[in-house]
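As C-alpha cells, the structure follows; a few thoughts come after it.
The values are calculated or read from the model by the stated rules, or taken from the named source; none is laboratory data. The model shown is predicted, which means the values in this text are computed figures rather than measured ones. Here Cβ is always computed from backbone atoms with ideal geometry, including for glycine, and neighbour counts include all displayed protein chains. Ligands, DNA and RNA are excluded from the accessible area calculation, which covers all protein heavy atoms including side chains. Shrake-Rupley method; radii C 1.70, N 1.55, O 1.52, S 1.80 Å.
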Amino acid sequence: MTLAAIDVGTNSVKLLVGRVDGREVTPLLHRMQVTRLGEGVDLSGRISPAAADRTIAALKEYRDLARGRGAVALAAAGTQVFRAASNAADVIARARNEAEIEIRVLAPEEEARLAFLGAAGAAKTARVLAIDIGGGSTEVMTGSGEELHASWCVGTGAVTLTERHLRSDPPSSAEMLALAADVQAALEPVVVRAGADTELVGIGGTVSSLLRALRLTSGDDPKEHHGRFVTFPEIEALSIRLSLMTVKEREALGLEPGRADIVVAGAWLLTAAMSKVEARGLRASARGLRHGLLIEMSRSKA
C-alpha cells in the first residue's frame, strides 16, 4: 500500500511517498520546498498572503505527485506556524478548497510523538534522546523503542531566531550574544540528560544542512547522512565557522538557498541543546515527522 505524508512547516513543506512494513518505511518519492510560511509571524502574529500563496502552490504540486505515484491516502500535518498565527484557519481553508488537502494541526505532544516514532530507529542504543529543530519550534524527546516517555516543546526555531536577532550579514557579535541569550532562556525547561545508554538523534533541516556541510568539506556524498554520528566538537566548530560567513559564502559551501540564511540560528540552537543535555555527539536521522505519519496511517488501515 502506497501512502503519502506532507509536513507543512514554518520554513519548508516536505512530501514523502512511501510504503510501510511495520516501522520500516520504503521511500518512493521525496520533495522539499522552502516556502517560508512563518515569515514574519513572530512579529506580526499572522501568515502573510505571499507566504500562503507559496505554500498552497507547493501543496497542489505535492497532491498531483502523490496521486501520480499511486498513493491511496495522504495525510498533511501543520506544526508551530499554525499554532502561532491568528489567521491559520484561513490558510487551512485554502488548502482544503484549493489543494484538496486537509491540514491537521498537531499539538506539541502529538508532533513529538510522531517525530519520535519516525526517527527513533536511527539510534544504536535502547534509550533514545531526540531533537527536532524546525523553523518555528524545537522538540526534545526521550523514550525507548517507539515509546515516547517525555517531551519538551521549545517555542522557537531557526526562522524565528533569525528574524529576531540576525540582521547583519555575517551576524555581528552583539546579534550573536542576543541570540545565545535567547536560546539559553528557551532551553531552560529541558531537564533530560544523555547517558552512556542513551544516544542523541538529530532530525530536521538544521541537522541535515549541518551534516551536508560536514560531508562536503570531507569529500563525502552530502546526500548520505542518515545514521552518521558526529561529535559535539565537530558541530560546535562548524556552528562558529558558519556564523563568521556571509549567506553567499554559506551557499558556496553547499548549503541550499532557503537554509543558508537561517542555518546559523539553527546551529547555535543545536549546539546549546547538545550542551544542555550533555550529549557527546549526535546521530543524524533523515527520518522524522513524515515517516511517523506514514507509519500511523498504515496502522490505521491495517
task = Mean Kyte-Doolittle of at least -0.5 plus a Cα span of 24 Å or more along the axis: flag which DSSP H helices in the chain meet both, please.
result = 49-68
query = Using modelled backbone amide H atoms (1.01 Å from N, in-plane), which distant-in-sequence or interchain residues come within less than 5 Å of LEU29's amide H?
reply = VAL17
query = Using the reciprocal of the averaged 1/r over all distinct C-alpha pairs, how large is the Kirkwood radius of the stretch 108-226 in Å?
reply = 15.5 Å
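Quick one: pull the percentage of alpha-carbon pairs in the stretch 136-193 with a separation above 12 Å.
Values: 1153 of 1653 pairs.
Every Cα pair in the stretch 136-193 considered, those over 12 Å come to 70 percent.
Could you work out what % of the accessible surface of the stretch 41-151 is carbon and sulfur, using a 1.4 angstrom probe and leaving DNA, RNA and ligands out of the count? Write down the numbers at each step before the final one.
On the way: 2240 of 4510 Å².
Heavy-atom surface of the stretch 41-151 belonging to carbon and sulfur, 1.4 Å probe: 50 percent.
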key: Overall dimensions of the stretch 36-92 by Cα: Rg and Dmax, Å   = 12.9, 41
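What is the magnitude of the charge dipole of the stretch 1-135 about its Cα centre, with +1 placed on the Cβ of each Lys and Arg, -1 on the Cβ of each Asp and Glu, and no other charges, expressed in debye to the nearest 20?
Numbers: 18 positive and 16 negative charges, 56 e Å.
The dipole of the stretch 1-135 has a size of about 260 debye.
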ask   = Per-residue ellipticity at 222 nm for the chain, helices alone: DSSP H runs ≥ 4 residues times -39500 (n - 2.57), over residue total, nearest 500 deg cm²/dmol?
value = -13500 deg cm²/dmol
key: Spherically averaged projected area of the stretch 79-165 from its Cα convex hull (nm²)   = 6.7 nm²
note = To the nearest 20 debye, the stretch 86-229 has a Cα-centred charge dipole, built from +1 on Lys and Arg Cβ and -1 on Asp and Glu Cβ, of 280 debye
query = Using only Cα atoms, what is the ratio of the radius of gyration of the stretch 155-294 to 2.2 N^0.38 Å?
reply = 1.02
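Return the inverse of the average 1/r over all pairs of distinct C-alpha atoms in the stretch 120-159, which is the Kirkwood hydrodynamic radius, in Å to one decimal.
On the way: mean 1/r = 0.0945 Å⁻¹.
Every distinct Cα pair counted, the radius reaches 10.6 Å.
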key: Shape category assigned to the stretch 1-136 from the gyration tensor of Cα positions, a/c cut at 1.5   = oblate
remark   = With the charge dipole of the chain built from beta-carbon charges (+1 for Lys and Arg, -1 for Asp and Glu) about the Cα centre, the Cα from ALA186, MET297, ASN11 projecting farthest to the positive end belongs to MET297
ask   = If you take the Cα Rg of the chain and divide it by 2.2 N^0.38 Å, with N the number of residues, what do you get?
value = 0.94
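Magnitude of the Cβ-charge dipole of the stretch 193-273, K/R +1 and D/E -1, about the Cα centre, nearest 20 debye? Write out the running numbers ahead of the final one.
Working: 9 positive and 11 negative charges, 29 e Å.
The calculation lands at about 140 debye.
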query = Using just the C-alpha positions of the stretch 1-54 as equal point scatterers, what log10 of I(q)/I(0) does the Debye formula give at each q in 0.14, 0.16, 0.29 1/Å?
reply = -0.48, -0.57, -1.06
request  = Using only Cα atoms, locate the centre of the stretch 162-212 and the centre of the stretch 8-48, then give the distance between them in Å, rounded to an integer.
outcome  = 20 Å
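Can you give the Rg to Rh ratio for the stretch 240-301, taking only C-alpha atoms and Rh from Kirkwood?
On the way: Rg = 16.2 Å, Rh = 14.2 Å.
Using Cα coordinates only, the ratio equals 1.14.
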